[in-house]
Every structure is written in structure tokens, then in C-alpha cells.
Amino acid sequence: MEGRVIKSTGSWYVVKTESEFLSARLKGKFKQQDLKLTNPIAVGDWVTLDKEENQETAVITDIHPRENYVIRKSTRKQHFSHIIASNLDQAILVITMKNPRTSLGFIDRFLVSTESFRLPAILVVNKVDLMEGEDAEDWLLDIHEIYEPLGYQVVEVSALNDKDLLEKFKPLLKNKSTLIAGHSGVGKSTLLNRLVPNASQSTKEISNFSAKGVHTTTFAELFPFEGGGDLIDTPGIKEFGILDVEDHELSHYFPEMRKYLGECKYNNCQHINEPGCIVREKVEEGYIHPYRYQSYVNILNEEDSYR
Ligand SMILES: Nc1nc2c(ncn2[C@@H]2O[C@H](COP(=O)(O)OP(=O)(O)OP(=O)(O)O)[C@@H](O)[C@H]2O)c(=O)[nH]1
Ligand SMILES: [Mg+2]
Ligand SMILES: [Zn+2]
């Protein structure tokens, strides 16, 4: 029988088959697409499994090839990666202007990784109820002006207060597997609980929230979305791995630079200070946003080990 992994808690997995949910274990070792992984099976994986004699638990005997996946570097094991989720159709990045503040640099890193995983991304600005004044207006305007022309949809919400949340999201989520990502505390689980009423993911009280490094959600988990599709709640991320992206490829993952590729004088141009660089020219002419170009330079300058 076949099913999809919806939750992983150490060595047990919850697998949803056509007719039921089963607790399953892994049998044997699987060869993993040349990746060094800390988790052999991830939320979102399609697997083959057999029921055990007790009929209540099952054994996973095979993992189907992953259509795609998002990974981050393992925090515990050097040179290892951790698959956050697999077989996705799109990713939502939840961002907030305050409590906590999401930086543009973080958004750009995220978008580079989703581009490299070939995942469409949507930016959901949450906690708009907390946004007042000129600063907030400017910040919001920047977000719209920078990202919408690149093809990333920007949706403003208050996961806590919006009455029409489900209506707003239905057309975006229908029949898709959607990863929900973002810093700890931006409201991913709050949003998910509103969209999937029986999910009851725990969320954190605002008053306790300032404690840094404490995540309320600790495992990725997949929830069926009514009307088709799935939502995957994830623990707050500091960063996604931009793995396997070489310096000379980085501009491929900036859609506004991608369209000029091949036009620079040197075909190995990294768009820093080479003569005849069209990308630089487009930045100066205002066709490429200076913040985005700055993010490009920052990522390029990072140590490979940090990436
Ligand atoms: N004012 C306001 N607060 C919100 C909103 N959405 C979420 N919050 C609050 O923000 C805090 C964090 O929300 P969570 O849903 O736990 O955040 P999370 O992104 O799941 O965090 P991790 O699981 O740690 O990654 C909670 O206190 C929520 O009540 C909103 O739209 N407005
Ligand atoms: Mg959470
Ligand atoms: Zn160039």
C-alpha cells in the first residue's frame, strides 16, 4: 500500500493512506540521491508500506523518488543536510515588520532557495494589525514595489483578526501542497490553525514570545486543506540552505537578473565590477532594485560554509 508521510517524530512516522492514518517505522536503509541527510524520510514523502501483524502499525519499505524538496544545513552534523519537506507545489514565506522583524536580506535568501528548488513563492505579510504609522507604510510599500514586479505575490493579513482569511487563501491553496515558512514567531501556526480548524498547532503567547531561539513548532507537519491540497507547518527558520548554488549561478536565481544573463561582456561575469556588465547597468538605470542587488552581493560574499 502507499501513503504520504505527514509527520515525523524521531524514528516513527505518521503516514496517511487512502483510508487511514498509520504509525510506521522504517525498514532497512535507503540510498538517498547522493545527499548526506540527517533524516532519511521527510514530511511530504510518498512511501510504500506494509501493515504489521497487529494491523495497527506499519513498516515503510520504499520511498518514492522526490519531485522536489527543501533542505537546510544540519545544525548538529557538519556537511549534513536536513530535508524540511518534499513534493511541494509552492512555498509561503510569512513575514512581519515587527515582533519579529523580517529583513529584506532574509526574504531574498529565502527566494534564492525557492528559486533554486524551482518552487513558486508567495509572500504573506502577517500582523498588519500591528502596523501603524509612516514607517509601516514605507515598509509595506517597499515589499510590494520590490517583489510584485518579480512575480512574487504579496498578500497582507492578520492571521489573528481577519474575518475573511479562508476566503483570501482558498484560491491560493486549492489542490496544492504548500510549505509555510518564516522566522519563529511570525504566526505560521496561527495562520495554519485558522485555515485548518482541527489542526490545533500550538502557538505562543505574545507575552512569552521574546525569548529568542525558542521555537513553538519543532517538527514539520502536513495538514490536509479542506477543498483539496495540503499545508505544511514548519519550525521557524533562521535560514534555508542555499546549497549547491555556485557563485556563477547565483544570478540565475534572481529573476530580474536572469533575464539579462548572457548579455554581459564576459560570460563568466559575476556582476560586481567587470567591464561591460549589463546587470550593473540595469541597477544604475533603476530596472533592478538596489536592495535586491545588495542582497545578491551579500550572498555572493558569504562564506560557502555559511551557505
Ligand atoms: N497581533 C498579531 N499577533 C499575531 C498575529 N498572528 C500571530 N500572532 C501572534 O504571534 C505569536 C506567534 O505566533 P505563532 O503562530 O506561534 O508563530 P510561529 O511562526 O508558528 O512560530 P514558531 O512555531 O516558533 O516557528 C502568537 O502570540 C500569536 O498570537 C497577527 O496577525 N496579529
Ligand atoms: Mg509554529
Ligand atoms: Zn554582469
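Brief remarks on what is shown
- Stretchable slack from Val59 to Ile272, in nm (0.36 nm times residue separation minus alpha-carbon distance): 71.4 nm
- Here the spin labels are modelled as points 7 Å beyond Cα on the Cα-Cβ line, and at Glu284 and Asn161 they lie 4.7 nm apart.
- Local electrostatic count at His64 - Lys and Arg +1, Asp and Glu -1, tallied over other residues with Cβ under 13 Å: -2
- Each Cα pair under 8 Å and six or more residues apart adds its separation to the average, and for the chain the resulting relative contact order is 15 percent.
- In Hz, Karplus ³J(HN,Hα) per residue of the range 60-71 (6.51, -1.76, 1.60; θ = phi - 60°; x = Gly, Pro): 7, 10, 7, 10, 6, x, 7, 5, 6, 6, 10, 10
- Overall Cα dimensions of the chain - principal axes, largest extent first, Å: 70, 45, 35
- Excluding same-chain neighbours fewer than eight residues apart, the lysines reachable from Lys282 by a Cα-Cα span under 28 Å are Lys259, Lys265.
- With 23 Å as the limit, the listed pairs Lys127/Lys170; Lys98/Lys188; Lys7/Lys98; Lys27/Lys174 have Lys7/Lys98; Lys27/Lys174 beyond it between alpha carbons.
- The dipole here belongs to the range 88-233: it is taken about the Cα centre, uses +1 on the Cβ of Lys and Arg and -1 on the Cβ of Asp and Glu, and is about 580 debye.
- 0 to 90° range, to nearest 10: angle between helix 104-116 axis and the chain longest Cα axis: 60 degrees
- Three principal axis lengths of the range 247-301 [C-alpha, angstrom, descending]: 24, 24, 19
- Over the range 247-301, relative contact order from alpha-carbon pairs under 8 Å, at least 6 apart, %: 30 percent
- Note on the range 88-233: Cα-only Rg and Dmax are 14.5, 40 Å.
- Given charges at Cβ of Lys, Arg, Asp, Glu: the chain dipole, positive-most of Tyr69, Leu166, Ser103: Tyr69
Laboratory data are not the source of any read-out in this text; all were calculated from the coordinates shown. Predicted model, so just to flag it, every value in this text is computed and none were measured. Glycine also receives a Cβ, built like all others from the backbone with ideal geometry; neighbour counts cover every protein chain displayed.
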